[in-house]
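One structure is given here, and the rest of the page talks about it.
Each reported figure results from applying straightforward, stated rules to the coordinates on display, with no laboratory input. This is a predicted model, so every value here is computed, not measured. Note: ideal-geometry Cβ built from the backbone for every residue, glycine included; neighbour counts use all protein chains shown.
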Amino acid sequence: MKNIRIGLFGFGCVGQGLYETLNNSKNFSGEIKKICIKNPDKPRSLDNNLFTTQADRILNDSAIDVIVELIDDAEAALDIVTRALKNGKSVVTANKKMVAENLSYLVDLQASTGAALLYEGAVCGSIPIIRTLEEYFGHEPLNEIKGIFNGSTNYILTKVFEENLDYKTALSQAQSLGFAESDPTLDVKGFDAKYKLSILLTHAFGIHVPPAQIVNLGIDHIKPADLEYAREKGFGIKLIAQAKRIHDRVYAFVTPQFIKSDHSLHNVKNEFNAVTLNGEFCDDQLFIGKGAGSLPTGAAVLSDVSALSYDYRYEYKKHYNLGKLPFSNDSLLEVYVSFDNPHEIDLEDFESIHHKYFSFDHSYVIGKMCINHLLDGKWLNNPKNNIVLCANGTESSLGSLCVKALNAEIEELKKGQELLEKITV
C-alpha cells in the first residue's frame with residue numbers, strides 16, 4: 001500500500017472523526033497534509049500550520065494524492081469536487097445532498113477525467129452498503145432496498161417509545177450527543193434519508209432520480225395520540241426509506257411507517273441504521289451498523305481513502321448494463337392520516353378509505369392514496385396533519401396504479417388501437 005497524502009476540506013464532526021480513525025489505524029499508510037477550514041479563529045487542538053483558508057493551496061498542490069471533502073455546504077462541496085476531479089485528483093466525500101443532486105453529472109465527470117469519486121460515508125454511516133451493491137450485487141436484479149437510513153430520527157423515536165420522552169426532549173438529547181445538527185430540519189423531515197435513497201437508486205437499480213422527485217415525509221408531525229395508537233396495535237414507528245421494483249418500474253419514498261414487532265427493523269434502535277435487500281437470487285439480506293456519530297462516519301471515509309490506494313472506483317454496473325428502468329410515483333400506498341381539524345384534509349385525495357375515526361383529541365383516516373398526492377405541500381408541510389405508512393402499506397398497494405395514471409394508460413391503449421385500425425383499413 002502506498003502512502004496517501006490527503007488534502008482535507010472541513011474539520012467538523014466527521015473531519016475530526018477521520019483524523020482520529022486515521023491516526024489510530026495500524027493498517028493504513030497515510031497522512032493529512034493540509035486542512036482547509038472556513039473560520040481561522042475557531043480554537044482547534046491541532047497545530048495551526050496544518051490549517052488554511054485557501055482552497056487552492058490544497059487543490060493545486062501536486063504533492064496531495066486525494067481530496068477529502070467534508071463540509072456542509074452542498075454548492076461549495078460541488079465546486080471543490082469538480083475542480084479536484086478536473087485536476088485529475090480522486091476525491092472522497094460524505095456530502096449526500098451534493099452527491100444526490102448531481103450524481104448524473106458526477107458519473108460523467110469521472111468518466112471524462114479518469115479520476116474517481118467515492119462516497120460511502122454519505123450513506124448509512126458505518127454500513128458499507130454502496131460497495132456491497134457495487135461488488136456483491138452488481139449483476140443481480142434487486143427487487144427492493146429499504147431501511148432506517150437516518151440515525152438521528154431513529155434515536156429520537158427510540159427514546160420516545162422506550163423512555164416515554166417527549167419529542168423535543170429526545171431531539172435535544174440527539175443534538176447534545178452529536179447525532180443531530182443544531183438545525184435538525186434535514187433529519188427530522190426526511191431529507192437526509194431521501195438524499196441517501198436517491199444515491200442508492202443508482203447503485204441498486206441503475207437509475208438517477210433527482211431528490212426533488214422523491215416523496216419525503218418526516219417524524220416532526222407525529223403526535224402523542226399517534227404513538228398511543230401504535231402501542232395499542234403493537235407497532236413501532238420508524239422513518240423508512242424504501243425503493244421497490246415492480247413490473248419493471250421503480251417506486252421510492254421516505255415516510256414514517258408502522259413496524260410490526262416481528263419485523264427485522266423493529267429492534268434496530270438508537271443511532272443505528274439498517275438496510276434490507278431483496279434480490280432475485282439472494283432473497284433477503286440485512287445489514288446493521290451505526291449511522292450517526294463522528295467515528296463511524298469517519299471510519300467509512302477512511303475506508304474510501306484506503307480503497308483509492310488500490311485504485312478502486314465505482315463501476316456503476318447497473319447504470320451502464322441494465323438499461324433505463326422507469327421511475328414512477330403513480331402508485332397507491334395505504335396510509336394512516338391523523339389530523340386536528342377535518343377541514344385540514346381532503347378526503348378526495350384518497351382513492352379508497354378503509355376506516356375513519358373522529359374524537360375530540362384524536363381523529364384519523366386509513367385509506368389508499370397516490371404517492372403523487374404526497375408531493376403536494378398541503379400534505380408535506382401542514383404540521384397539523386401526520387402521515388404514517390400502514391404496516392402492510394406497500395405489500396397490499398404498491399404497484400397498483402392510481403386512477404389518473406390508469407386512465408392515462410387506457411387512453412394510450414385506445415389511441416394505439418385507433419391507429420392500428422386506421423393502418424389496417
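Quick notes on this one:
- If you wrap the tightest convex hull around every Cα atom of segment 292-346 and split its volume per residue, you get 180 Å³.
- 12 Å beta-carbon shell around residue 361, net charge (K/R +1, D/E -1): -2
- A quarter of the convex hull surface defined by the alpha-carbon atoms of segment 333-391 gives 3.8 nm² as the mean projection.
- Here the extension length gained between residue 246 and residue 46 equals 66.8 nm, from 0.36 nm per residue of separation less the Cα-Cα distance.
- Summed residue charge, Cβ within 14 Å of residue 25's Cβ, Lys/Arg positive, Asp/Glu negative: -2
- Each part gets one Cα centre, and for segment 141-168 versus segment 170-241 those centres are 7 Å apart.
- Net lengthening on full extension, residue 111/residue 173 (0.36 nm per residue, minus Cα-Cα): 18.0 nm
- Both the radius of gyration and Dmax for segment 4-122 are 13.7, 41 Å, in that order, over alpha-carbon atoms.
- Segment 4-122, relative contact order in percent, only Cα pairs under 8 angstrom and at least six apart counted: 25 percent
- Farthest positive-ward along the chain dipole, Cα basis, beta-carbon charges - from 363, 11, 270: 11
- Between residue 381 and residue 346, full extension at 0.36 nm per residue minus the direct alpha carbon distance yields a gain of 11.2 nm.
- A simple spin-label model places pseudo-atoms 7 Å from Cα toward Cβ; at residue 225 and residue 63 they are separated by 6.6 nm.
- Residue among 102, 49, 154 with the largest mean-square fluctuation in a Gaussian network model of the chain, springs linking Cα atoms under 10 Å: 49
- Using Cβ point charges alone (K and R +1, D and E -1), the dipole size of the chain about the Cα centre works out to roughly 840 debye.
- Enclosing the Cα atoms of segment 104-161 in their convex hull gives a volume equal to 126 cubic angstrom per residue.
- Using only Cα coordinates, the Kirkwood hydrodynamic radius of segment 76-195 works out to 16.4 Å.
- Within the shell of other residues whose beta carbon sits under 10 angstrom from the beta carbon of residue 131, the net charge comes to -4, with Lys and Arg scored +1 and Asp and Glu -1.
- In range of the label at residue 310: residues from segment 81-123 whose backbone nitrogen is under 17 Å from the point 7 Å along Cα→Cβ: 116-121
- Net charge dipole, segment 237-350: roughly 580 debye, given to the nearest 20, about the Cα centre with Cβ charges of +1 for Lys and Arg and -1 for Asp and Glu.
- Cysteines without a disulfide-compatible neighbour (Cβ-Cβ under 4.7 Å), the chain: 13, 36, 124, 282, 390
- Residues 354, 263 arranged by fewest to most Cβ contacts within 10 Å: 354, 263
- Above-threshold pairs, the threshold being 28 Å between Cα atoms, out of 96/356; 96/368; 159/384: 96/356; 96/368
- Applying the Kirkwood pairwise sum to the alpha-carbon positions of the chain produces a hydrodynamic radius of 22.9 angstrom.
- Mean Cα-pair separation over length for segment 192-324, i.e. relative contact order, pairs under 8 Å, 6 or more apart, %: 25 percent
- For the chain, relative contact order (Cα pairs under 8 Å, six or more residues apart, normalised by length) works out to 17 percent.
- Fluctuation leader among 220, 166, 108 - the chain, Gaussian network, Cα springs under 10 angstrom: 108
- The residue 87 and residue 285 beta-carbon pair, evaluated with R₀ = 41 Å, returns a calculated FRET efficiency of approximately 0.60.
- Alpha carbon centroid spacing (whole Å) that separates segment 296-358 from segment 50-81: 31 Å
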